[in-house]
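Below is one structure, written out as structure tokens, with a few remarks after it.
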Amino acid sequence: MLLGWAVAADPDPTAAANGLALMAEVLDDTGATKQTVPYFAHLMASRLAEHGRHDEALTRVADGLRVAEETGERLWVPLLHLVRSRAHALAGRRADAAAALADAAAIAGVLGQPWVTRLCQEFQEEVR
């Protein structure tokens with residue numbers, strides 16, 4: 001997953017596509033440890049959004065949130081909402097981006113994650 005994440009950062013579209021394919025292979029492996037899905041979904045959704053694949057990013061976020069709910073792996077929930085906000089913002093959907101950002105900040109506050117709260121505050125300017 002991390003190798004794919006690094007390769008997907010390449011500005012060359014072919015290299016980035018190869019990195020995204022590596023990431024998808026890990027996430028789509030039904031034998032993989034389920035508890036890693038929220039974390040890996042966060043990584044993949046981030047890269048997909050960066051490459052303009054907003055709807056795919058949102059699908060990965062939804063998958064990560066679903067598995068986090070099933071497994072109780074709540075650590076990544078605010079970050080998944082933050083990625084959801086970024087994907088909406090990059091797609092030009094400001095209202096959806098603001099709503100997702102509010103979700104991220106609220107959950108980070110409940111979970112006691114001040115660093116995620118700071119990330120949300122920093123991103124708030126971009127959502128406006």
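Suppose the filter is surrounded by fewer than 15 Cβ atoms within 10 Å (Cβ to Cβ), touching a Phe, Trp or Tyr at 6+ places or on another chain (Cβ under 9 Å) and of a type in the set (A, V, I, L, M); does residue 9 pass it? Full working, then the answer.
Working: surrounded by fewer than 15 Cβ atoms within 10 Å (Cβ to Cβ): yes; touching a Phe, Trp or Tyr at 6+ places or on another chain (Cβ under 9 Å): no; of a type in the set (A, V, I, L, M): yes.
Answer is no for this residue.
The conditions are (1) touching a residue at least 40 places away in the same chain (Cβ under 8 Å); (2) assigned to a loop (DSSP other than H, G, I, E, B); (3) among the hydrophobic types (A, V, I, L, M, F, W, C), and residue 32 fails exactly one of them. Which is it?
All conditions are met except number (1).
I'd like to check something: does the stretch 60-76 contain any residue that is in a helix (DSSP H, G or I), open to solvent by 70 Å² or more (accessible area, probe 1.4 Å), modelled with pLDDT of 95 or more and β-branched (Val, Ile, Thr)?
No, the conditions are met nowhere in the stretch 60-76.
Would you please name the residue that is surrounded by the most Cβ atoms within 10 Å (Cβ to Cβ), looking only at residues in the stretch 77-128 that are of a type in the set (Lys, Arg) and in a helix (DSSP H, G or I)? Quick ask: steps written out before the conclusion?
Kept after step one, since they are of a type in the set (Lys, Arg), are these residues of the stretch 77-128: 84, 86, 93-94, 118, 128.
Subsequent filtering for residues that are in a helix (DSSP H, G or I) retains 84, 86, 94, 118.
Values: 84: 28, 86: 24, 94: 13, 118: 12.
Ranking the candidates gives 84 first.
Yes or no: the stretch 92-103 includes at least one residue that is out of contact with any Asp or Glu (no Cβ under 7 Å at 6 or more places or on another chain), under 20 Å from residue 1 (Cα atoms), free of Cβ contacts under 8 Å to residues at least 12 places away in the same chain and not small (Gly, Ala, Ser).
no
The values are calculated or read from the model by the stated rules, or taken from the named source; none is laboratory data. All figures in this text were calculated on a predicted structure; none of them were measured in a lab. No Cβ is skipped: glycine too gets one built from the backbone with ideal geometry, and neighbour counts run over all protein chains shown. What goes into the accessible areas is simple: the full protein's heavy atoms, side chains included, and nothing from ligands, DNA or RNA. Shrake-Rupley method; radii C 1.70, N 1.55, O 1.52, S 1.80 Å.
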